[in-house]
1. What FRET efficiency, computed as 1/(1 + (r/R0)^6) with R0 = 30 Å and r the Cβ-Cβ distance, is obtained for Ala23 and Glu44, rounded to the nearest 0.05?
2. Given labels modelled 7 Å from the Cα in the Cβ direction, how far is it in nm from Asp73 to Leu11?
3. Cβ under 12 Å from Gln1's Cβ, Gln1 left aside: what net charge do those residues give with Lys, Arg +1 and Asp, Glu -1?
4. Can you pull a Stokes-Einstein diffusion coefficient for the chain at 25 °C (0.890 mPa s), Rh from Kirkwood over Cα pairs, as a whole number of µm²/s?
5. Can you give the extra length, in nm with one decimal, that the chain gains between Gln116 and Leu103 once fully stretched, where that is 0.36 nm per residue apart less the Cα-Cα distance?
6. What accessible area per residue, rounded to a whole number of Å², is obtained for the chain using a probe radius of 1.4 Å?
7. Mind checking Rg over Rh on region 1-74, alpha carbons, Kirkwood formula for Rh?
8. Give the relative contact order (percent, whole number) for the chain; include only Cα pairs under 8 Å separated by 6+ residues.
Amino acid sequence: QLQLGESGGGLVQTGGSLRLSCAASELTFRNYNVGWFRRAPGKEREFVASISRSGSITAYTDSVKGRFTISRDNAQNTVYLQMNSLKPEDTAIYYCAASRLTLPSETDSDYRSWGQGTQVSVSS
């Protein structure tokens, strides 16, 4: 099964930036759609962003549009989430996940492979 590992989380002040990375264990990563999800304290896991195999199709939840950018480098088996203008409400554990469905999805149950998550904390 595809192994995923997130990195790049940390503690930043409001308005700061972080870039999360999701690295895969296999060269076949390019055959997977990838999503970023997050779970804030006391809340359900929610969709953040997704990207198609080629990177040509992306989607974002409304609360991060214009601030977050998802991208991928298939040569490096890595997907990125650039997060700018961070807000305290972005504080959460961020997970990347991979899916072999035809199109990227916003539904976490469509993703079969998950990373362990990376903590993002934004102070006010």
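1. Values: r = 26 Å, r/R0 = 0.87.
Working from the Cβ atoms, E equals 0.70.
2. Roughly 2.9 nm, to one decimal.
3. Working: positive: Arg100, Arg112; negative: Glu26.
In short, +1.
4. Values: Rh = 14.1 Å.
Reported coefficient: 174 µm²/s.
5. Values: separation 13, 0.36 × 13 = 4.68 nm, distance 2.33 nm.
Value of the extension gain: 2.4 nm.
6. Details: 6300 Å² over 124 residues.
On a per-residue basis, the chain sits at 51 Å².
7. Expressed as Rg/Rh, it is 0.96.
8. Values: 310 pairs, mean separation 44.9, N = 124.
Relative contact order of the chain: 36 percent.
The values are calculated or read from the model by the stated rules, or taken from the named source; none is laboratory data. Please read all numbers here as calculations on a predicted model, not as lab measurements. Using ideal geometry, Cβ is built from the backbone for each residue, glycine included, and neighbour counts are taken over all protein chains shown. These accessible areas exclude ligands, DNA and RNA; they are computed on the full protein's heavy atoms, side chains included. Shrake-Rupley method; radii C 1.70, N 1.55, O 1.52, S 1.80 Å.
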